[in-house]
Ligand code: G6P
């Protein structure tokens, strides 16, 4: 079996504290199952000594990481990746902040990743590159002489070309994606959007009848590979952590009240202000819940150097403060709003303890918290998931109560529906969701993607040319 080499900006080395975000959780689960090499940024910003990565091996996975210099961090990560690509891909077009310098920094870091990674590669490796930070990596690796088959998986949404076009370099980006052998997306909708960009740039002849794309002499396979969770592992964590101090403290603090929970990185795409407003609306429409329900919102800070993030943080603090000021009693706080992060096991324990899971992003590639909430429930007395129809997960989790996150009244009604749902209906919805979760679990995700990569390269591979140094 070929070795899989995963490449992503964030690398989560166990015991170094996991980075928040679905990518780190999903790729770690895949690597734990397959072994292999995981290459990326160390999370450290500092002086550059050389391009040699630091390599550590834990439980069959080799982690190879490099530091970023301050200027690289600013241009590559804050600038182009999080300041331009992230808002474009999530349809926050007014938030897009494009600059030539940032884009040049983005390309330069991709070249640096390629130069550090190339010497670690073996001939029969399979390359699996993750997310929007590393779109040009395959091209940079090919320039280094690397010929290994390469797949790219986009964890976030891919926008329709009419939105993508706000980026002056969108054509270059799409062409850089076409250097890969397999392109994986979260949903069929994302695949369709990518096809819209290919159509505009290369015309209908580039779209082949079998769904793949012609790129010169090559054929690029496109597919939807929805990321999933390790259902048994989540269940185990959720059950075992019920006895932990952290979960016991949280439950004791409820004083017997019902619990509604949200867990999101503090990001404008997560729709948190609208969510708080919907909860306020809910308390207005259904005052019988005053003092009876606690809403716990865990929102670890993220990308704090960017203005759009400090703005959303301020808005949330104001909104939470206003709602608590308006409705709180001396012995009850309507929203418990926490900016800290918790270990994954504790989070799974919190999710299990909740009667309602509120996952209402205004745009999301998949949203693994939605899936974790379902997996963490007690199957005999499951809580109800209220899920945004604009999250990728909504395409799969038909048993959730689907809402439009912009419709505060609709979300308020959905919360009430979830709280008053009879056991029989909760059981049916949960069973339906769990069946999808098992079918599209984390093993299905990486197995299907790697299989597609193996097949794509078995069909046609240009003759291997060794780079002469
Ligand atoms: C999302 C992205 C990931 C990213 C994570 C955290 O989940 O898809 O690629 O790592 O957010 O964002 P950060 O900027 O802190 O890496």
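Quick look at the numbers
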| quantity | calculated |
| --- | --- |
| Residues of the range 307-324 that turn out to be surrounded by 13 or more Cβ atoms within 10 Å (Cβ to Cβ) and under 24 Å from the mean Cα position of the chain (by Cα), as a count | 7 |
| Qualifying residue in the range 77-87 (condition: crowded, with 19+ Cβ neighbours inside 10 Å and away from the ligand (no atom under 15 Å from the Cβ)) | no |
| Residue within the range 108-115 that is farther than 27 Å from residue 446 by Cα and either away from the ligand (no atom under 14 Å from the Cβ) or in contact with a strand residue (DSSP E or B) (Cβ under 7 Å, 6 or more places away or on another chain) (or both) present | yes |
| Residue match in the range 2-24 (condition: more than 13 Å from the ligand (Cβ to nearest atom), surrounded by fewer than 22 Cβ atoms within 10 Å (Cβ to Cβ) and farther than 30 Å from residue 373 by Cβ) | yes |
| Count of residues meeting criterion [away from the ligand (no atom under 14 Å from the Cβ), under 30 Å from residue 167 (Cα atoms) and in contact with a strand residue (DSSP E or B) (Cβ under 9 Å, 6 or more places away or on another chain)] in the range 47-71 | 4 |
| Number of positions in the range 397-444 that are part of a loop (DSSP other than H, G, I, E, B) and either within 19 Å of residue 264 (Cβ to Cβ) or more than 22 Å from the chain's Cα centre (by Cα) (or both) | 9 |
| Segments classed as helices (runs of 4 or more DSSP H), wholly inside the range 267-376, with at least 2 members that are touching a residue at least 24 places away in the same chain (Cβ under 8 Å), within 16 Å of the ligand (Cβ to nearest atom) and within 24 Å of residue 404 (Cβ to Cβ) | 307-327, 368-376 |
| The range 139-180: number of residues that are within 16 Å of the ligand (Cβ to nearest atom) and within 17 Å of residue 95 (Cβ to Cβ) | 3 |
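Taken together, the values in this text are just the output of simple stated rules run on the coordinates, not laboratory data. Since this is a predicted model, take the numbers as computed values, not measurements. All Cβ positions, glycine included, derive from the backbone under ideal geometry; neighbour counts span all protein chains shown.
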